[in-house]
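FYI, it's all coordinate maths here, none of it is from the lab. Just so you know, these numbers come straight off a predicted model, no measurement behind them. Neighbour counts are summed over all protein chains in view; Cβ atoms, including those assigned to glycine, are modelled from backbone coordinates with ideal geometry.
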Amino acid sequence: MGIARSRTQSLVMVGGALAALYATLFAIVGSAMFRRAPQTIGFAVTLDLTLTATFLVWWLGVRRRAVSPWVAVATLSWGVAAARRWVPHAPIGALLAAGGALEVVTVGWLLIRATRVRSARSRPGCGPGGCRRGSRRSSRPSSRWSAWW
């Protein structure tokens, strides 16, 4: 009898992996080793805060359907903000470009979602509680992606 992979177990794994990664990276930034080569190590820590953390969330959470794919985007955004704030020699130009691109994607997604919610509520038989049975849109999503919208 093996261990069942539940959503809770995946969430604990994601949280533990991110906590270990962040603790290790902040220990490196605070160490004497960082003062020897701040540009190189600052770049590496920035990559770990952004790309490695996002990969961990995707690998341990999104792939196992424990978390939404947007959690990976939020982790990437948080990594950019954390690198700008706590890594002294982080490549600021690259972080600003990445942060701007993520902001555009996030705002675009929110606008699309708001438009779809507004159009769904304007249909006859649809309201805040969902759609009635005879309306054009049923209360059950047609696919796993329609639950997002």
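Residue count for the stretch 100-122 under the criterion of being in contact (Cβ under 8 Å) with a residue 24 or more places away in the chain and of a type in the set (S, T, N, Q): the result is 1. Among helices (runs of 4 or more DSSP H) entirely within the stretch 16-124, having at least 2 residues that are of a type in the set (G, A, S) singles out 38-47, 69-86, 92-122. For first residues located in the stretch 12-38 and surrounded by 13 or more Cβ atoms within 10 Å (Cβ to Cβ), partners that are part of a helix (DSSP H, G or I) and of a type in the set (D, E) and lie 6+ apart or on another chain with Cβ distances below 6 Å form the pairs L25/D48.
Taking the options A66, A83, name whichever one is buried (at least 20 other Cβ atoms within 10 Å of the Cβ), over 21 Å from L11 (Cβ atoms), small (G, A, S) and within 16 Å of the chain's Cα centre (by Cα). Of the residues listed, the single one that is buried (at least 20 other Cβ atoms within 10 Å of the Cβ), over 21 Å from L11 (Cβ atoms), small (G, A, S) and within 16 Å of the chain's Cα centre (by Cα) is A83.
Yes or no: the stretch 40-55 includes at least one residue that is among the hydroxyl-bearing types (S, T, Y), in contact (Cβ under 8 Å) with a residue 40 or more places away in the chain, crowded, with 19+ Cβ neighbours inside 10 Å and out of contact with any Asp or Glu (no Cβ under 6 Å at 6 or more places or on another chain).
Of the stretch 40-55, the ones among the hydroxyl-bearing types (S, T, Y) are 40, 46, 50, 52, 54.
Filter once more, keeping what is in contact (Cβ under 8 Å) with a residue 40 or more places away in the chain: 46, 50.
Restricting the remaining residues to those that are crowded, with 19+ Cβ neighbours inside 10 Å gives 46, 50.
Still in the list and also out of contact with any Asp or Glu (no Cβ under 6 Å at 6 or more places or on another chain): 46, 50.
Within the stretch 40-55, one or more residues are among the hydroxyl-bearing types (S, T, Y), in contact (Cβ under 8 Å) with a residue 40 or more places away in the chain, crowded, with 19+ Cβ neighbours inside 10 Å and out of contact with any Asp or Glu (no Cβ under 6 Å at 6 or more places or on another chain).
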